[in-house]
Amino acid sequence: MLVTTIINGLVLGGTYALLAMGLTIQYGIARIMNLAYGETIIAAAFLAFVLNSTLGVAPLVSLLVAAPAGFALSYLIYGLMLHPLVKRSKGRASLEVDSILATFGLLFVIQGVMLVFFGGNYISYTYMNFGIDILGSSVAANRLTALILALVLGGGLYLLLTRTLWGTALRAVSVAPQSAPLVGIDADRAARFAFALGGALATCGGVVISMYQTFTASSGVIFTMKALIVVILGGVGNLAGALSAGLLLGLVETLVATYVSPGLTLAAVYFIFLGVLLWRPSGLFGRAR
Amino acid sequence: MLDVARLSVSYGKHVALTDVSIRVATGEAVVILGANGAGKSSLLKAIAGLVQPAPGAGVALDDKPLTGIPAHEVLEAGIALVPEGRGIFGDLTVSENLDLGAYAHRARKEAPRNRDLVYQLFPRLVERRHQRVATMSGGEQQMVAIGRALMSAPRLLMLDEPSLGLAPVMVGELFSALKQIRHAGMALLIVEQSVRKSLDLADRGYVLEAGRMVGNGTAASLREDPVVQRAFLGMAADA
């Protein structure tokens, strides 16, 4: 039972980590606090559901559609809706307020569209719904796949950002946007790509979630919230921090739900969150700047 | 090579530069002298494309007009700026900072060779290459900033107060590095508070006062100029 619980916790944690990495890229590099982030996740979950139930497409294949679509749509949203805000903003603080308000509106638009098409019911579909034996405990194959996907995507992103010149340039923009042009980086373009990359991660996360969880058109907010908590726990803009904090949060939630009470999971999450905010405001893995 | 004509810069109502014209020839080292607030930094920033000059100004590198184009394209054209305060990426390592220096397309092919040159110029950076630059001393950070600018293989290197806040030993090291850069044939445009040292390095100089050009000449003639001596070389008391 403990092995199953830990693996389930890692699955949830891996998903959280993946989601948080996307959000931390959007916020850390593009400087957009995207409140519609969770809606992007749920939209991708619906995409995987529709493709699976109508055409019988496996979620693993849906990823090939969801990731580019998430990238393209986020790129478009940035260009049409957020870039004008960036251009007229006088500083980081005013952009923060503007982007929060604008994406707050976007949240309801996307959610409204999904409610019209799918209603407010809980949705799920069956995919790889059989047990795999690990150390004598049975773990659902779809959860195991979700964990592997989260690790592969998260690890891939980490390598992209730390081992390539392009990724290093993105991190440079997150560290000192005003210095980026000094080395020939078009900071504006970098921000647009970072926002799109974050969107692609959100849609990947959405497909992964749909493989093992039920969801509704209005559950996006919860995912935005969880991702935000993980980002803050890990230290804003810190990828390795997001990864570890995500895994930690998933483990804590699952352990509390199994051994204490399912009703206390959110309470446990906020208890940790509050503690970190009080004693380590720059995050568990954040560096004092 | 670099031609700046009738350059004016203002921030809102505050006028920083009025009608300034300067030239830097290929391989030449030019120093800009002036008191605090004379507009020296504004001049470099306007050339680098970081601030927009007033209409009517002309900035050109080898007759290629640069007026009004964004900073990242000015770098691509061959002008690198080491700004006051260095502007390095504190959370990244030395080698990551240098890698980014060669981010410009013009510099990518030559990056390995230029990195060797930078490490030759600043051997201390070799042992520190995996260190986060925020944890390094001011002098070492300045080396990273200059090294990063050199990585873009610029035709003109502009430096804004490179010796500001450095220990005297480091200032000496810095200027001997700048001399080597100059001997390698790179054009330099320097704003510097150690006037004596920068006049030793430079071929020519300009004097800015309250945003206007009030004098220019060869380094030797500026060194002998009584106005320069009184204002910048602290000779009034000795005389």
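The values are calculated or read from the model by the stated rules, or taken from the named source; none is laboratory data. Remember, predicted model here, so these are calculated numbers, not experimental data. All Cβ positions, even for glycine, are placed from backbone atoms using ideal geometry, and neighbour counts span all protein chains on display. Surface accessibility is based on the protein's heavy atoms, side chains included, excluding ligands, DNA and RNA. Shrake-Rupley method; radii C 1.70, N 1.55, O 1.52, S 1.80 Å.
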Practice problem: Using only atoms on other chains, find how many Cβ atoms lie within 10 Å of each Cβ of peptide A:192-199 and report the average. | Solution: 0
Practice problem: Just name one of A:S99, A:N8, A:L182: the one whose Cα is farthest towards the positive end of the charge dipole of segment A:2-279 (beta-carbon charges, Lys/Arg +1, Asp/Glu -1). | Solution: A:L182
Practice problem: For segment B:121-239, give the share of DSSP beta bridges that are antiparallel, in percent and rounded to the nearest 5; count only bridges with both residues there. | Solution: 55 percent
Quiz item: So what J values fall out for segment B:199-216 if you push phi through Karplus, 6.51 cos²θ - 1.76 cosθ + 1.60 with θ = phi - 60°, rounded to Hz, Gly and Pro as x?
Solution: 5, 5, 7, 8, 7, 9, x, 10, 10, 9, 9, 6, x, 10, 7, 10, x, 7
Quiz item: Under the rule of -39500 (n - 2.57) per DSSP H run of 4 or more residues, summed and divided by the residues of chain B, what mean residue ellipticity at 222 nm is obtained, to the nearest 500 deg cm²/dmol?
Solution: -10500 deg cm²/dmol
Exercise. At 1.4 Å probe size, with no ligands or nucleic acids counted, give the accessible surface of B:H105 in Å², nearest ten.
Key: 140 Å²
Self-check item: segment B:4-20 - phi-based ³J(HN,Hα) in whole Hz, Karplus 6.51/-1.76/1.60, Gly and Pro as x
Solution: 10, 10, 6, 8, 10, 9, 9, 9, x, 8, 7, 8, 9, 9, 10, 6, 9
Self-check item: Heavy-atom accessible area per residue - the protein assembly as shown, 1.4 Å, Å²
Solution: 43 Å²
Practice problem: Looking at the protein assembly as shown, send over the antiparallel percent of its DSSP beta bridges, to the nearest 5. | Solution: 60 percent
Practice problem: May I ask you to derive the relative contact order of chain B, considering only C-alpha pairs under 8 Å and at least 6 residues apart, and to give it as an integer percent? | Solution: 26 percent
Quiz prompt | Rounded if a/c under 1.5, otherwise prolate or oblate - chain A, Cα gyration tensor axes | solution = prolate
Quiz item: By the gyration tensor of its Cα atoms, with a ≥ b ≥ c the square roots of the eigenvalues, what is the shape of chain B: rounded for a/c under 1.5, prolate for a/b over b/c, or oblate?
Solution: oblate
Practice problem: Using only Cα atoms, locate the centre of segment A:68-134 and the centre of segment B:77-91, then give the distance between them in Å, rounded to an integer. | Solution: 36 Å
Self-check item: Local net charge near B:K197, Cβ-Cβ under 14 Å (Lys/Arg +1, Asp/Glu -1)
Solution: 0
Quiz item: To the nearest 100 Å², how much accessible surface do chains A and B hide from each other in total, with a 1.4 Å probe?
Solution: 1800 Å²
Quiz item: Which FRET efficiency value, to the nearest 0.05, do you get for A:T5 and B:R108 by plugging their Cβ-Cβ distance into 1/(1 + (r/R0)^6) with R0 = 41 Å?
Solution: 0.25
Quiz prompt | Candidate residues A:S179, B:S194: accessible-area rank, largest first, probe 1.4 Å | solution = B:S194, A:S179
Quiz prompt | Charge dipole magnitude, Cβ of K and R +1, D and E -1 - the protein assembly as shown, Cα centre, debye nearest 20 | solution = 80 debye
Practice problem: Return the percentage of antiparallel bridges among DSSP beta bridges fully within chain B, rounded to the nearest 5 %. | Solution: 55 percent
Exercise. With r as the distance between the Cβ atoms of A:I222 and A:H83 and R0 = 22 Å, compute the FRET efficiency 1/(1 + (r/R0)^6) and round to 0.05.
Key: 0.15
Quiz item: What residues does segment B:78-117 have that are buried by at least 40 Å² of accessible area in the full protein assembly compared to the chain on its own, 1.4 angstrom probe?
Solution: B:F89, B:D91, B:L92, B:E96, B:L100, B:Y103
Quiz item: What figure in square angstrom, to the nearest 10, would you give for the accessible area of B:D203 with a 1.4 Å probe?
Solution: 50 Å²
Self-check item: For segment B:136-239, projected area of the alpha-carbon convex hull averaged over all directions, nm²
Solution: 7.6 nm²
Quiz item: Shielding of B:60-71 by partners, i.e. mean partner chain Cβ atoms within 10 Å per residue?
Solution: 1
Self-check item: Most fluctuating residue given options A:V230, A:V173, A:V208, as computed from a GNM of chain A linking Cα atoms under 10 Å
Solution: A:V173
Exercise. Diagonalise the Cα gyration tensor of the protein assembly as shown and give the resulting equivalent ellipsoid semi-axes, square root of 5 times each eigenvalue, largest first, whole Å.
Key: 54, 23, 20
Practice problem: State, to one decimal in nm, how far the label point of A:L101 lies from the label point of B:K179, with both points 7 Å from Cα in the Cβ direction. | Solution: 5.9 nm
Quiz item: If you place +1 on the Cβ of every Lys and Arg, -1 on the Cβ of every Asp and Glu, and leave all else neutral, what size is the dipole of segment A:2-279 about its Cα centre, to the nearest 20 Debye?
Solution: 540 debye
Quiz item: Can you pull the percent of segment A:2-279's accessible area that's carbon plus sulfur, 1.4 Å probe, other chains left in place?
Solution: 72 percent
Self-check item: Inter-chain Cβ neighbour average for residues B:198-206, partner chain, 10 Å
Solution: 0
Self-check item: Distance between modelled label sites at B:S221 and B:A25, nm, 7 Å Cα→Cβ extension
Solution: 1.3 nm
Practice problem: For B:K64, tell me the accessible area in Å² from a 1.4 Å probe, rounded to the nearest 10. | Solution: 110 Å²
